[in-house]
């Protein structure tokens, strides 16, 4: 028996045969364990990959929502030897070719643009502002416009063009087209031939000849993006020389004449291309960003806002990965603990066989080997099946296998380890010294070891919380898992379970004093059974983890939902807001119509001017918010938003020559206007200086403001939480008073509408689409629906809600496994008591008493952890990236996750009692009297 071969044969002899027979006897339990393992492996493998697939959809939505900000813009190569582009047409199409050559596979067809400076033209129909624009693509297979009147513009023949030779000072001409909608608005008609508009120059007039009227083949074509004047006439800002302005379409053949008329310094050439979002992935968009940055550095002719859009998306995606990994790790931990309980049940059922094996001389290694022979094939089969289920449809998505390997390892080793421990305890026993002092020392060592383990667990949990809280959100790449963040709730739940184990005996003893005075056997029996269940660590840990994660997931769902509503309130600021060209004649008409509509209680208008100098030689800049102060206070109050003290009174005049204002407290302190210790108090009457449009204002500072710079129309991409501008603070003044005191009247570019009929009033005003009117309409409810239903946000909400159900089911399963595992020992006690007259009702109380420490301890500990962990590590979860709140997200506690946990445990108790009755339903009193305890 000394050779290695002999030892191997002794360890593995008949392992397959014994394993096969035992597996047949415990077929139901093994199948159930395998199904639990399979579902867990599918979840740990599949959920991260589903999140990454959702990320691909989310990045597509983000790029689309960013609009023209995400476009790529190429400009001509800079040439220091000349002042302007030598050939704008060639330069524009060269830039388009550059985009197509470098990024042709990932962008839409580039649009080449040659734009002339706007100028006022005089016509028989009146004066209007006109700029000449050429847009086109390198390979246009179909015409972009349909000529419905007149003829298509062509190049002016050389013999009819003035200015070709030196000394020829006659008016230069260019043939253009005008949209039908613009011609109707301007009163331009070509029924009697080409329509000539005169454009004034330094030496006379040039002629803009409209030879034809057109309609766009596809008004939604990217060719017209950002050029509303090519589709219709638009109104000019109030105070402009003309009421209307438009753009004339210059075909490619007429671009040389356009340059001849305007001069090379009067035109600008560029090319623009949108990123192709169909099939775009997170990895793909990062490749595009790297290419853009490399080309921009190498050529100096490429600019794009796409890197900033993707950077904001990455931050939001890191938050999504952190939150999903937290949920997946929690489910995996709870499932792994249930697998340990299932293995414990399996070993408990085999206890007589393991004791017999050990009595016959079986080694511990052979017992463990037979356990591995049974568990490893099941684990491998479940892992293979889970891999097929997940990786076949999601093979192209990255994901971490860390949790999968951990759960599979627990499932493989737990049965063998527990069987080996049972075999050791069944034969070796525990030696107790005869000397009383030696026994006391032995017990002291055991207590010391237990204290060391418990204190180490608590310190580890505390360290994890402190580390996660201190470092914040960690950027995660595709498929990565933040192990510290994922483990923190489980570690804290473990510490809570140990605390409950320490406290439970005292609580049960206190309950026992009351039970001893009660009549009947039910209460004393329940307390007696509870005494024996107070030290069960693994079952209590399982229940605690499940409850903690149920409450945590529910709290996060509630926080995100409340935060999204708060984000809509803060970003929109009213039931509906309007942004853009509100300072035009048509914009003013819209505001007047909305203000007079029924159901509108208040309309506040404003403008925002960034980068204003604040103070004298302070180096500080401020954002100047010019608003209808009293109306804005009413709008914010109606929306339930905080209103600054003194905001409504900013329209009341102050000392002569000063403009009343509210200023950010930090800006006042940094500028030395106030001491740092007086922020928010004692500011009335303080003076400060800030620059406005073209003047310097003396401010009568009447208080501090909690407002932040307004971001304008809220977008639906990930930049929604980015800080607006880089100024040091905000200054709020009243619009009307600023105009009276300083003769400063910035053009209105934003408005907030309050009242029950606000949305209907804006809809009735008939605001044209943004590409034509330049006005963006945003409703609070509409933005909230769009943001909350975005792919990433809705997917994470669904994941949290699904995890609540899964964890509740695992809690029920854990209690059922505990009941079945302890059924034999409890059955012996109940069988003996039945011979003394114990009824079924009292037997159920015994089961409930045994489960009471487990259920109540797990509920209290889990609820405290589930409510406390989000408050402690909320910043590390990046909740603001999901809610969209500009000022940060605060965790909001609510009652329903705790109720869900209570409901789950109540169901678990009912199931546990039902399982107990099913296990004992075949016991007969006659059998007990005949054969004794069972």
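The values are calculated or read from the model by the stated rules, or taken from the named source; none is laboratory data. These figures come from a predicted structure and were not determined experimentally. Using ideal geometry, Cβ is built from the backbone for each residue, glycine included, and neighbour counts are taken over all protein chains shown.
Descriptive notes on the structure:
- Positions within region 789-808 being free of Cβ contacts under 8 Å to residues at least 40 places away in the same chain and in a helix (DSSP H, G or I), in sequence order: 794, 798, 802, 805
- Of all the numbered requirements in (1) in contact with a strand residue (DSSP E or B) (Cβ under 9 Å, 6 or more places away or on another chain); (2) surrounded by fewer than 24 Cβ atoms within 10 Å (Cβ to Cβ), residue 312 misses one, and that requirement is (1).
- Picking from residues in region 719-743 that are in contact with a helix residue (DSSP H, G or I) (Cβ under 7 Å, 6 or more places away or on another chain) and surrounded by fewer than 20 Cβ atoms within 10 Å (Cβ to Cβ), the one that is nearest to residue 783 (Cα to Cα) is 722.
- Any chance residue 187 is free of Cβ contacts under 8 Å to residues at least 60 places away in the same chain and at positive phi: no
- Just one of the listed residues (638, 661, 607, 648) is without any contact (Cβ under 8 Å) to a residue 24 or more places away in the chain and assigned by TED's automatic domain parsing to the domain that holds residue 731, namely 648.
- If you go through region 746-767 and keep only what is in contact (Cβ under 8 Å) with a residue 12 or more places away in the chain and in a loop (DSSP other than H, G, I, E, B), you end up with 746, 747, 748, 749, 755, 756, 757, 765, 767.
- Filter result for residue 633 (without any contact (Cβ under 8 Å) to a residue 24 or more places away in the chain and either at positive phi or touching a strand residue (DSSP E or B) at 6+ places or on another chain (Cβ under 9 Å) (or both)): yes
- The residues on offer are 133, 75, and the sole one that is surrounded by 15 or more Cβ atoms within 10 Å (Cβ to Cβ) and modelled with pLDDT of 90 or more is 133.
- Scanning region 390-402 for residues that are part of a helix (DSSP H, G or I) and either touching a strand residue (DSSP E or B) at 6+ places or on another chain (Cβ under 9 Å) or closer than 16 Å to residue 328 by Cβ (or both) yields a total of 2.
- Checked against (1) under 19 Å from residue 720 (Cβ atoms); (2) touching a helix residue (DSSP H, G or I) at 6+ places or on another chain (Cβ under 8 Å); (3) surrounded by fewer than 19 Cβ atoms within 10 Å (Cβ to Cβ), residue 303 passes all but a single condition, namely (1).
- Entry remark, region 171-184: residues being within 19 Å of residue 129 (Cβ to Cβ) and in contact (Cβ under 8 Å) with a residue 40 or more places away in the chain number 7 in total.
- Here the condition is being buried (at least 21 other Cβ atoms within 10 Å of the Cβ) and either closer than 20 Å to residue 582 by Cα or in contact with a helix residue (DSSP H, G or I) (Cβ under 8 Å, 6 or more places away or on another chain) (or both); of 716, 792, it holds for 792 alone.
- Some residue of region 864-881 being closer than 30 Å to residue 709 by Cα, at pLDDT 80 or above and surrounded by fewer than 20 Cβ atoms within 10 Å (Cβ to Cβ): yes
- Flag for residue 702 being closer than 30 Å to residue 69 by Cα and crowded, with 17+ Cβ neighbours inside 10 Å: no
Residues checked against (1) buried (at least 16 other Cβ atoms within 10 Å of the Cβ); (2) in contact with a helix residue (DSSP H, G or I) (Cβ under 9 Å, 6 or more places away or on another chain); (3) not in a strand (DSSP E or B):
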residue	(1), (2), (3)
232	yes, yes, yes
241	no, no, yes
246	yes, yes, no
255	yes, yes, yes
258	yes, yes, yes
261	yes, no, yes
265	no, no, yes
268	yes, yes, no
